[in-house]
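Undergrad: Here you go, one structure.
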């Protein structure tokens, strides 16, 4: 099964909670900044939506090292 | 009675919204200190639980038992909320539905707010700012004050949303007038005839706009949404609701953001000097303005789907929950010396754009508009100053100057 890697830049994240609310199975917001619950996720367009929607552009999604989210 | 006395607010809480718009922050802070949740009555008579303070507000904005689904709320026979204009047919946009509809509708509009599209829009915003400032200078009579709201803070966001939607200047002026009439505060329970007429005019305009572009969708957000509608990714009702909501969310909020930011800057000449000397601080100054004076002091409609608990307080099913966004930025538990406006502050914590899935889609665009406004005003009008009294808006959902006389 195809899987993508997800990262949250803790220095850029503003803790808006968008990612954790949209995909609690992938992201969590416990303190001031969000973290991926798991570094690798099943390919799912919603992950790209989340990366696009992040108001701080703090989320990066890569597929085998190639950056695919946020989309331009 | 002192601000720390929890009973001090009973009078104010009889009708929430019945408070001083010039400076509501003393009331907000006293209320926050008294507790995170308060049982209040809204201006239209509906009961609501007001949630106040940084942590409590974030908890509420992400709470799974709170819904924004306006149609399901209206189905409870007016017990939760009254129908507003233009009516339930225009309440199928991302801000009045829950996931998964919210996720779908937000996705369809989100493309227009992505980095590359906004970067492409940036020079145009800079040009619009320059044109408005030129018009201000030309239109201003020597030594007489000019209104910075009417001449700048109001037309800029409308021009930008016009760019996104492909709506020209003369139509922007008509729409702007109709929206101003539609949302003008009124005292009687029923909306006045002119508000109904304005609502009808907006509904008619948006319907004609979609019809005229249906067969040949334009390369803008309206075209994107029409293409999606033709592929059955959203209904016509959702398309029209979304256009209505994008215009509402895109103009008066940003007008107030720019207005509040400029008031802060002109009332703090030392901070303005700092920005002039250190223009790199403009983005941080925008965050500080959002923190100190949130243009949308209360989040939009939410209600409890079932009996639930927020910040330790029980909330009954079927009651509205009104989340205060403005007090969160001034919560001393989150920001040191919170009432001080300081453009050198780093890590200003605020929820002026909300929190969770409904975090403002247009936030990057609103930030961009205020950043460009600050850069231009600070550098091109170094003598800019307040020249008369500021009059504040009286609406509850948006706080900002209604008029702001300036000279330079």
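The values are calculated or read from the model by the stated rules, or taken from the named source; none is laboratory data. Since we're looking at a predicted model, the values are computed, not measured. Cβ atoms come from the backbone with ideal geometry, glycine included; neighbour counts cover every protein chain shown.
Undergrad: Among the residues of the range A:5-27, which ones are more than 8 Å from every other protein chain (Cβ to nearest Cβ) and within 10 Å of the chain's Cα centre (by Cα)?
TA: If the condition is that a residue be more than 8 Å from every other protein chain (Cβ to nearest Cβ) and within 10 Å of the chain's Cα centre (by Cα), then A:5, A:6, A:7, A:8, A:9, A:19, A:23, A:26, A:27 are the ones that fit.
Undergrad: Filter the range B:152-181 down to residues that are over 16 Å from residue B:261 (Cβ atoms) and over 16 Å from the mean Cα position of the chain (by Cα), then give me how many there are.
TA: Residues that pass the stated criteria total 18.
Undergrad: Continuing with the same structure: So which of B:147, B:65 ends up being over 30 Å from residue A:19 (Cβ atoms), in contact with a strand residue (DSSP E or B) (Cβ under 7 Å, 6 or more places away or on another chain) and modelled with pLDDT of 90 or more?
TA: B:147
Undergrad: Collect the residues in the range B:273-305 that are within 12 Å of the chain's Cα centre (by Cα) and in a loop (DSSP other than H, G, I, E, B), keeping them in residue-number order.
TA: Answer for the range B:273-305, where residues must be within 12 Å of the chain's Cα centre (by Cα) and in a loop (DSSP other than H, G, I, E, B): B:293, B:294, B:295, B:296, B:297, B:299, B:300.
Undergrad: Follow-up. Of the conditions (1) in contact (Cβ under 8 Å) with a residue 40 or more places away in the chain; (2) surrounded by fewer than 20 Cβ atoms within 10 Å (Cβ to Cβ); (3) away from chain B (no Cβ under 11 Å), residue A:56 clears all except one; give me its number.
TA: Against the list (1) in contact (Cβ under 8 Å) with a residue 40 or more places away in the chain; (2) surrounded by fewer than 20 Cβ atoms within 10 Å (Cβ to Cβ); (3) away from chain B (no Cβ under 11 Å), residue A:56 comes up short only on (3).
Undergrad: Could you look through the range A:59-72, keep only residues that are facing chain B (nearest Cβ under 10 Å) and at pLDDT 85 or above, and pick out the one that is surrounded by the fewest Cβ atoms within 10 Å (Cβ to Cβ)?
TA: A:71
Undergrad: From the list B:85, B:95, exactly one residue is closer than 19 Å to residue B:182 by Cβ and surrounded by fewer than 21 Cβ atoms within 10 Å (Cβ to Cβ). Which is it?
TA: B:85
Undergrad: Within the range B:12-66, can you find the residues that are within 14 Å of chain A (Cβ to nearest Cβ), assigned to a loop (DSSP other than H, G, I, E, B) and touching a helix residue (DSSP H, G or I) at 6+ places or on another chain (Cβ under 9 Å)?
TA: B:62
Undergrad: Would it be correct to say that residue B:348 is crowded, with 16+ Cβ neighbours inside 10 Å and farther than 30 Å from residue B:243 by Cβ? Quick ask: steps written out before the conclusion?
TA: Values: crowded, with 16+ Cβ neighbours inside 10 Å: yes; farther than 30 Å from residue B:243 by Cβ: yes.
Considered against the rule, which asks whether it is crowded, with 16+ Cβ neighbours inside 10 Å and farther than 30 Å from residue B:243 by Cβ, residue B:348 comes out as yes.
Undergrad: Okay, moving on. For the range B:352-407, give me each residue that is within 14 Å of chain A (Cβ to nearest Cβ) and closer than 17 Å to residue B:280 by Cα.
TA: Restricting attention to the range B:352-407, the residues satisfying the condition of being within 14 Å of chain A (Cβ to nearest Cβ) are B:352-368.
Matches in the range B:352-407: B:367, B:368.
Undergrad: With respect to residue B:329, determine if the residue is surrounded by 18 or more Cβ atoms within 10 Å (Cβ to Cβ) and within 22 Å of residue B:95 (Cα to Cα).
TA: No; evaluated as a whole, the condition is false for this residue.
Undergrad: Moving on. What residue, among those in the range B:306-315 that are part of a strand (DSSP E or B) and touching a residue at least 40 places away in the same chain (Cβ under 8 Å), is nearest to the chain's Cα centre (by Cα)? Reasoning before the result, please.
TA: Our first condition is that a residue be part of a strand (DSSP E or B); within the range B:306-315, this holds for B:308-310, B:313-315.
In the following step, the residues that additionally are touching a residue at least 40 places away in the same chain (Cβ under 8 Å) were identified as B:308, B:310, B:313, B:315.
Working: B:308: 28, B:310: 24, B:313: 28, B:315: 26 Å.
Taking the candidates together, the pick is B:310.
Undergrad: Restricting attention to the range B:71-80, does a residue exist that is closer than 14 Å to residue B:300 by Cα, under 21 Å from the mean Cα position of the chain (by Cα) and crowded, with 16+ Cβ neighbours inside 10 Å?
TA: There is no residue in the range B:71-80 that is closer than 14 Å to residue B:300 by Cα, under 21 Å from the mean Cα position of the chain (by Cα) and crowded, with 16+ Cβ neighbours inside 10 Å.
Undergrad: Among B:132, B:121, B:128, B:95, which is the only one that is closer than 23 Å to residue B:203 by Cα and either at pLDDT 90 or above or within 14 Å of chain A (Cβ to nearest Cβ) (or both)?
TA: Going through B:132, B:121, B:128, B:95 in turn, just one is closer than 23 Å to residue B:203 by Cα and either at pLDDT 90 or above or within 14 Å of chain A (Cβ to nearest Cβ) (or both): B:95.
Undergrad: Anything in the range A:28-37 that is under 11 Å from the mean Cα position of the chain (by Cα) and touching a residue at least 24 places away in the same chain (Cβ under 8 Å)? List them, or say none.
TA: The answer is A:34, A:35, A:36.
Undergrad: Across the range B:331-347, which residue is nearest to residue B:32 (Cα to Cα) among those that are more than 10 Å from chain A (Cβ to nearest Cβ) and touching a helix residue (DSSP H, G or I) at 6+ places or on another chain (Cβ under 6 Å)?
TA: Here the residue is B:331.
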